[in-house]
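Reading through the structure tokens given below for one structure.
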Amino acid sequence: MKRTQILTAIFALLCPVSTQRADDIPKRFNFDRYSAMLNRSPFAVATAVALPVAAADFAKDLYVANAARSPEGDMVTLASTTDTNFKEYLTTKGPVDGYGIASIEWSERVGATKVTISKDGKFATIGFNEALLAEQPVPNVQPVVPPVRVKPAPFPTLPTPPPHRRGVIQRNPAPTPIQNVPPPEAPEM
């Protein structure tokens with residue numbers, strides 16, 4: 001009896017699920033329904049007005065990688081701290097890719113030279129990368145006296161011994177014949 005009651009209960013539960021029609025399932029609302037809620041959301045930032053974009057400083061990531069004097073004109077190599085592939089080779093003769101040298105303040109100290117560059121009518125004074133200069137040792141500017149070379153004493157030459165050569169090992173050696181050797185005689189007493 002219990003078995004039939006259990007089966008009847010299961011059947012009664014499954015029948016309404018299978019007879020449900022597609023019209024009874026609620027439809028999804030369009031997203032436009034929520035646009036008014038998004039516009040007046042209490043959780044939105046009160047100052048959602050876009051701030052004016054500040055003009056990007058064209059030389060904020062640039063530094064002088066190299067500076068050289070030459071009879072044809074001074075040369076400066078620009079590099080970027082953010083873009084390792086960026087390299088501009090500028091001369092005092094004229095601008096290159098919009099970059100030009102306005103002036104160079106030369107210094108005898110390592111890394112103290114300052115370069116004023118221009119691009120699109122804007123000017124910026126840049127120097128060497130202080131972080132890179134701190135990593136590298138500062139070269140000694142004082143003249144180095146070459147050391148006096150002392151000729152080493154000659155080593156006596158010894159004759160080279162001949163190389164050791166091993167004989168040929170045969171693959172299938174012939175057996176050596178066993179010779180009959182008489183046993184030693186016992187001493188007489």
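We did not get these values from a lab; they are worked out from the coordinates using the rules stated. All values reported here derive from a predicted model rather than from experimental measurement. Ideal geometry is used to build each Cβ from the backbone, glycine not excepted, and the neighbour counts take in all protein chains shown.
Residue-wise HN-Hα couplings along segment 92-103, as the Karplus relation 6.51 cos²θ - 1.76 cosθ + 1.60 with θ = phi - 60° gives them from phi, are 7, 6, x, x, 10, 6, x, 8, x, 9, 8, 7 Hz; Gly and Pro carry x. Listed by chain and number, the lysines whose C-alpha is less than 22 Å from the C-alpha of residue 87, apart from same-chain residues fewer than 8 away, are 60, 114, 119, 122. Electrostatic bookkeeping for residue 119 treats Lys and Arg as +1 and Asp and Glu as -1; over the other residues with beta carbon under 15 Å from its beta carbon, the sum is -3.
What is the gain in length, in nm to one decimal, between residue 108 and residue 69 on full extension, counting 0.36 nm per residue of separation less the C-alpha to C-alpha distance?
Numbers: separation 39, 0.36 × 39 = 14.04 nm, distance 1.25 nm.
My answer for the length gained is 12.8 nm.
Among residues other than residue 33 with Cβ under 15 Å from its Cβ, the summed charge is +2 (Lys and Arg +1, Asp and Glu -1).
Taking Lys and Arg as +1 and Asp and Glu as -1, the other residues whose beta-carbon sits under 11 Å from that of residue 62 total -1.
If you count, for each residue, the other Cβ atoms within 10 Å and average over each peptide, how do 167-177, 75-85, 33-43 line up from highest to lowest? Let's see the in-between values first.
Details: 167-177: 5.6, 75-85: 14.0, 33-43: 8.3.
Ranked by mean Cβ neighbours within 10 Å, highest first: 75-85, 33-43, 167-177.
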